[in-house]
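The values are calculated or read from the model by the stated rules, or taken from the named source; none is laboratory data. The model shown is predicted, which means the values in this text are computed figures rather than measured ones. Glycine gets a Cβ as well: all are built from the backbone with ideal geometry, and neighbour counts include every protein chain shown. These area figures cover heavy atoms from the full protein model, side chains too; ligands, DNA and RNA do not enter into them. Shrake-Rupley method; radii C 1.70, N 1.55, O 1.52, S 1.80 Å.
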Amino acid sequence: MPERTRVAIIGAGPAGLLLSHLLDRRGIESVVLDSRTRDEIETTIRAGILEQGTVEILHETEASDRVLTVGQRHDGIELRFDGEGHRIDFADSVGRAVWLYPQHEVLKDLVAARLAAGQDLRFGVRADRVEDAESSRPRVVARDADGNTFQIEADVVVGADGSRGVVREAVCGTFGGYFREYPFAWFGILCDAPPSAEELIYSNSPNGFALISRRSPEVQRMYFQCDPETDTEAYTEDQLWEILRSRVPGTSLKEGRIFQRDVLRFRSFVAHEMRRGRVVLVGDAAHTVPPTGAKGMNLAVADVVLLTEALDALLLDNDETLFDAFPDTARQRIWKAQHFSWWMTNMLHLQPGASSFDRMRQIGELRSVVESDAGRAYLSEAYTGWPLRP
């Protein structure tokens, strides 16, 4: 016989875990499944720039205290071009900020909070498919760590299992979504070194883009624009530092031992459908953005805030209004984030085959932003985050 729950959540990433946390605070039972182990979830290093609204949700709902005690508040970023740095002051422009707090740290907090609350959280469980999506009781068919098949019947199934998850297929089928692949990627490194700057540096140079960031007081995270097919072992450490120095002229980089390398491809996606019957998508299962605008995890949180209110009305008051409206409501913020991420990406990266006109127009665009109160305010508002509710 199938197990029963109110909400079956596939995926123990930020979206799935936060959703279970917010539902629990409203007295709504859920089960969370993930194919990864707890260690894999908590130790896979991911970037993390959190909008102010995301930080407020994590702190105010007691999902995380460390986001304020360990996370690093940033009141601005630097745009660097033509060998000069230009600070975008978020606090001055919009009175808001962002926090540097990596995603894997958010996951540690959420896993600990959910387990302490007695959440039914199952690691090493693979969801194979979702059945009867358009019925009042959709089912998840899954396998445990020993390969034993079981079923979970729920009032609602939520796909928070990423861009390759099985729930997207149940919702979108062959309809897919809106998709763009960019002609460049980021070559990322982690190194043992103190920060090269107090705030993030986004650098547009004649040699290509670079981002200078950090993970902790002892570890730096840096990226530079590269071909998507670049081999991570294509460069020596000396060559990597030479490339990075050439991308941020006028900045002295703190160098150290490079202990991790990866290549991050750039893709944008928005599913044509975010809901089918009682099955719904959130986070990367519904949309992905290039990392330039730091919107990925924040979009997932915004989805979850809206969906929590919709499920509260549906499951506790039998009111389907917000649940029916959820996809269209969520898409408003999703497409604003897609535009901002596309805009930041195209403003800062060298396009293959770009002419000298294209290059000078790009510099003109950057100057239009940094030399204008309105330009700085737009970037600040979008980067620190729009309201989580319309």
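Regarding segment 179-195, can at least one residue be identified that is touching a His at 6+ places or on another chain (Cβ under 7 Å) and over 23 Å from Gly353 (Cα atoms)?
Looking through segment 179-195, none of the residues is touching a His at 6+ places or on another chain (Cβ under 7 Å) and over 23 Å from Gly353 (Cα atoms).
Here's the yes/no breakdown for (1) in contact (Cβ under 8 Å) with a residue 24 or more places away in the chain; (2) in a strand (DSSP E or B):
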{"residue": "Pro217", "(1), (2)": "no, no"}
{"residue": "Arg221", "(1), (2)": "yes, yes"}
{"residue": "Gly250", "(1), (2)": "yes, no"}
{"residue": "Phe269", "(1), (2)": "yes, yes"}
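Do we have any residue at all in segment 43-54 that's without any contact (Cβ under 8 Å) to a residue 24 or more places away in the chain and either in contact with a helix residue (DSSP H, G or I) (Cβ under 6 Å, 6 or more places away or on another chain) or open to solvent by 70 Å² or more (accessible area, probe 1.4 Å) (or both)?
Looking through segment 43-54, none of the residues is without any contact (Cβ under 8 Å) to a residue 24 or more places away in the chain and either in contact with a helix residue (DSSP H, G or I) (Cβ under 6 Å, 6 or more places away or on another chain) or open to solvent by 70 Å² or more (accessible area, probe 1.4 Å) (or both).
Being open to solvent by 40 Å² or more (accessible area, probe 1.4 Å), assigned to a helix (DSSP H, G or I), more than 18 Å from Ala210 (Cα to Cα) and not aliphatic (A, V, I, L, M) is the requirement here; does Gln338 meet it?
Details: open to solvent by 40 Å² or more (accessible area, probe 1.4 Å): no; assigned to a helix (DSSP H, G or I): yes; more than 18 Å from Ala210 (Cα to Cα): yes; not aliphatic (A, V, I, L, M): yes.
So Gln338 fails the test.
Looking at the structure I just gave you, is Cys172 crowded, with 16+ Cβ neighbours inside 10 Å, farther than 21 Å from Met344 by Cβ and modelled with pLDDT of 95 or more?
No.
Do we find that Ile57 is open to solvent by 10 Å² or more (accessible area, probe 1.4 Å) and either in contact (Cβ under 8 Å) with a residue 24 or more places away in the chain or in a helix (DSSP H, G or I) (or both) in this structure?
So Ile57 passes the test.
Report every pair of residues separated by at least 6 positions or lying on different chains whose Cβ atoms are under 8 Å apart, first residue within segment 306-319 and closer than 16 Å to Val279 by Cα and of a type in the set (A, V, I, L, M, F, W, C), second open to solvent by 10 Å² or more (accessible area, probe 1.4 Å) and modelled with pLDDT under 95.
Leu306/Leu388; Leu306/Arg389
Would you list the strands (runs of 3 or more DSSP E) that sit entirely within segment 87-177 and hold 2 or more residues that are within 17 Å of Glu3 (Cα to Cα) and without any contact (Cβ under 8 Å) to a residue 24 or more places away in the chain? Can you show your working first?
Values: elements: 98-100, 120-122, 126-131, 139-143, 149-159.
In segment 87-177, 139-143 are the strands (runs of 3 or more DSSP E) which contain 2 or more residues that are within 17 Å of Glu3 (Cα to Cα) and without any contact (Cβ under 8 Å) to a residue 24 or more places away in the chain.
List the number of the failed condition for Glu153; all other conditions in (1) more than 27 Å from Phe266 (Cβ to Cβ); (2) surrounded by fewer than 18 Cβ atoms within 10 Å (Cβ to Cβ) hold.
All conditions are met except number (2).
Looking at Leu244 and the list (1) out of contact with any Cys (no Cβ under 6 Å at 6 or more places or on another chain); (2) buried (at least 17 other Cβ atoms within 10 Å of the Cβ); (3) closer than 24 Å to His104 by Cα; (4) aliphatic (A, V, I, L, M), which single condition is not satisfied?
So Leu244 meets the others, but not (3).
Starting from residues that are part of a loop (DSSP other than H, G, I, E, B) and basic (Lys, Arg), keep the ones in segment 13-42 and report whichever is least open to solvent (accessible area, probe 1.4 Å).
Looking at the filtered set, the residue picked out is Arg36.
Return the residues of segment 197-215 that are assigned to a strand (DSSP E or B) and not charged (D, E, K, R); say none if nothing qualifies.
Within segment 197-215, Ile201, Tyr202, Ser203, Asn204, Ser205, Gly208, Phe209, Ala210, Leu211, Ile212, Ser213 qualify.
Please enumerate the residues belonging to segment 223-234 that are open to solvent by 40 Å² or more (accessible area, probe 1.4 Å) and either without any contact (Cβ under 8 Å) to a residue 40 or more places away in the chain or outside any loop (DSSP other than H, G, I, E, B) (or both).
Those that are open to solvent by 40 Å² or more (accessible area, probe 1.4 Å) and either without any contact (Cβ under 8 Å) to a residue 40 or more places away in the chain or outside any loop (DSSP other than H, G, I, E, B) (or both): Glu229, Asp231, Glu233, Ala234.
Per-residue answers, yes or no, for (1) open to solvent by 20 Å² or more (accessible area, probe 1.4 Å); (2) modelled with pLDDT under 95; (3) among the hydrophobic types (A, V, I, L, M, F, W, C); (4) within 21 Å of the chain's Cα centre (by Cα):
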site: His86; (1), (2), (3), (4): yes, no, no, no
site: Ala97; (1), (2), (3), (4): no, no, yes, yes
site: Leu100; (1), (2), (3), (4): no, no, yes, yes
site: Leu115; (1), (2), (3), (4): yes, no, yes, no
site: Val125; (1), (2), (3), (4): no, no, yes, no
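Hey, does segment 263-279 have a residue that's open to solvent by 10 Å² or more (accessible area, probe 1.4 Å), farther than 30 Å from Glu134 by Cβ and out of contact with any Ser or Thr (no Cβ under 6 Å at 6 or more places or on another chain)?
yes
So Pro194 ticks every box in (1) in a strand (DSSP E or B); (2) within 21 Å of Pro102 (Cα to Cα) but one. Which box is left unticked?
It is condition (1) that Pro194 fails.
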